[in-house]
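Comments concern the structure below.
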Amino acid sequence: MRIGGCWTVLAAALLASGCAHGGGERSAVAATPSPSPDWRSMATAADRDRLRNWRTAWMAALAAARVISPKEVAAQGELFDPDLALPGSPPPPGDYRCRVFKLGTGRAATPGYVAYPFFDCRIEQEGDVLSFYKRTGSQRPVGLILPDSDVRGIFLGTLMLSDETAPLDYGRDATRDMAGRVERVAEGRWRIALPYPRFESTLDVIELVPAG
């Protein structure tokens, strides 16, 4: 994906032919991406497992969040409906306002529901796929949105921290890898649902609405 006008190593790593996880060798030269890249061949085994068990994560996270903040959870309506996926995904390229919801927890000291303020993010066209990245903040998801079905895309990426200027290669650090489902839930409203993130929660939901 493009950050600051440059292609990052993350996009090359995801779209390179012959890339392998779990000890395999990665080709040093990125090939031209195919018209329909297969996210399953790009995702790590751990991320395929997380995506496979998305519903288990979602229902556990939703139940925990409702105990802590039932009114706030109910107010989000379709955003937290696990079975809602409308035609029109992924969102088109452009600037967006995004915010993160963290639902559920595996730690006693962590709240079961946290809603963060809106931040600036962007989606760009990168050949046959899209990129998504958060522009500012101490935790900045960055990755590619790959095709999956008529109503769903798959996000694969990594988490940039603090003052880092470039993301790690996807698959290099499992604690930074991110995997989620990209869906439209209403007119001008999309989400990226990330089951079993490495920190703090059972499910992260990133809401996207067009800026302006």
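Things worth noting here:
- Given (1) of a type in the set (A, V, I, L, M); (2) surrounded by 14 or more Cβ atoms within 10 Å (Cβ to Cβ); (3) in a loop (DSSP other than H, G, I, E, B), number of the condition residue 174 does not satisfy: (2)
- The set of residues in the stretch 50-62 that are surrounded by fewer than 14 Cβ atoms within 10 Å (Cβ to Cβ) and assigned to a helix (DSSP H, G or I) comprises 52, 55, 56.
- If you go through the stretch 127-155 and keep only what is buried (at least 19 other Cβ atoms within 10 Å of the Cβ), of a type outside the set (Phe, Trp, Tyr) and touching a Leu at 6+ places or on another chain (Cβ under 9 Å), you end up with 129, 130, 131, 140, 141, 142, 143, 144, 145, 146, 153, 154.
- Tabulated pairs, the stretch 63-87, first in contact (Cβ under 8 Å) with a residue 12 or more places away in the chain and part of a helix (DSSP H, G or I), second of a type in the set (Phe, Trp, Tyr) and surrounded by 14 or more Cβ atoms within 10 Å (Cβ to Cβ), C-beta under 7 angstrom, 6+ apart or interchain: 65/113; 68/113; 72/113; 73/80; 73/113
- Selection from the stretch 90-142 of residues that are on the phi > 0 side of the Ramachandran plot and modelled with pLDDT of 95 or more: 94
The values are calculated or read from the model by the stated rules, or taken from the named source; none is laboratory data. Keep in mind that this is a model prediction, so the values were computed, not measured. Here Cβ is always computed from backbone atoms with ideal geometry, including for glycine, and neighbour counts include all displayed protein chains.
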